[in-house]
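Here the structure comes first, spelled out in C-alpha cells, and everything after it is commentary.
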Amino acid sequence: MKMIIFATGNKDKMREIREILSDALVEIRSMEEIGFYEEIEENGTTFIENATIKAKAVAQFTQKKEELKQAIVLADDSGLEIDYLNKEPGVYSHRWLGNRTYTQAMTDLIEQMHDVPEEKRSARFVCSIAAVLPNGECLSVLETVEGKVAHEISGENGFGYDPFFYVESFGCTTAQLTREQKNEISHRGKALRAMKERLMPYLNASD
Ligand code: ITT
C-alpha cells in the first residue's frame, strides 16, 4: 500500500486529514509516527510557500530512510483572512494569538468589531496543501471557504478559530457543524480532495 506522511504538528489538523482521506487506499502517518521531531521554520509569505517549506523539510528526512523513500510527503498551511483587518492574520494565524488563548483572541476581535456591519464582516479560511513525491516533484493546491466573523463564539466542534467563523449556508459557525459537514465544505476538505485528484496517477500506479 502507498504511504502518505503528513507534515503537521497540529493534532486537530491531523485528525481532519485522516477523516478526509479515509476513503483513499493509502497508509497515513504523522510526523510523530515516523520519528520526525525537528522544528520547521515557516518563513514563507504565502500559504503555498509555507506548505512547500514544511513538505520539503520532512521529505529531506524521509529520503534518507530506506523504508520511507517511496512515501509521498504532504503538508498543510492554513489560516484565516479577515477582510476588516486587510486579510490578516493570514499566514500568521497561529502566531497572531501571541500568548492569548483562542477564546481570548476571538473575544478581543469580536469586541473590536462590535459595530461593524454584516457586509464588512467577511472572512475566509484558506488552506494550501503541498506534496513532495518520491521523485522530488512538488505539487500544490489552494482552496478557501467563505464566511463571516460571528457576533459571538458558539460551538464545541472543530478547533482554532472555528467558534467564530460563521457560515451563512448552514446558519452557524464551523464549530457547530458535525465533522462530516465541516470536512465537506472546509478549505482543508476541498484542498485535500483536490490534491488527491492530482495524486491519482501516482496512487494508481503499480510499483
Ligand atoms: P503545523 O504548521 O504544524 O501544520 P499549525 O497549527 O502551526 O501546525 P499553521 O501554521 O498552518 O498550522 O497555522 C494555521 C492556524 O490557522 C491554526 O493553528 C489555526 O489557528 C488556524 N486554522 C487553520 N485551519 C483551521 C480550521 O479548520 N479551523 C479553525 N482554525 C484553523
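The values are calculated or read from the model by the stated rules, or taken from the named source; none is laboratory data. Predicted model, so just to flag it, every value in this text is computed and none were measured. Cβ: placed from backbone, ideal geometry, glycine included. Neighbour counts: every protein chain shown. We work out accessible area using only protein heavy atoms, side chains counted, and drop any ligands, DNA or RNA first. Shrake-Rupley method; radii C 1.70, N 1.55, O 1.52, S 1.80 Å.
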Output the number of the condition that Val126 fails; it satisfies all remaining conditions of (1) part of a strand (DSSP E or B); (2) farther than 17 Å from Tyr161 by Cα. (2)
Filtering region 45-78 for residues that are more than 22 Å from Gly160 (Cα to Cα) and in contact with a Phe, Trp or Tyr (Cβ under 9 Å, 6 or more places away or on another chain) leaves a count of 7
Which one is nearest to Asp77 (Cα to Cα), of the residues in region 171-201 that are open to solvent by less than 60 Å² (accessible area, probe 1.4 Å) and outside any helix (DSSP H, G or I)? Ser186
Taking the stated definitions as given, is Tyr161 within 14 Å of the ligand (Cβ to nearest atom) and more than 13 Å from the chain's Cα centre (by Cα)? no
Region 164-207, subset under 16 Å from the mean Cα position of the chain (by Cα) and among the hydroxyl-bearing types (Ser, Thr, Tyr), residue farthest from Leu21 (Cα to Cα): Thr174
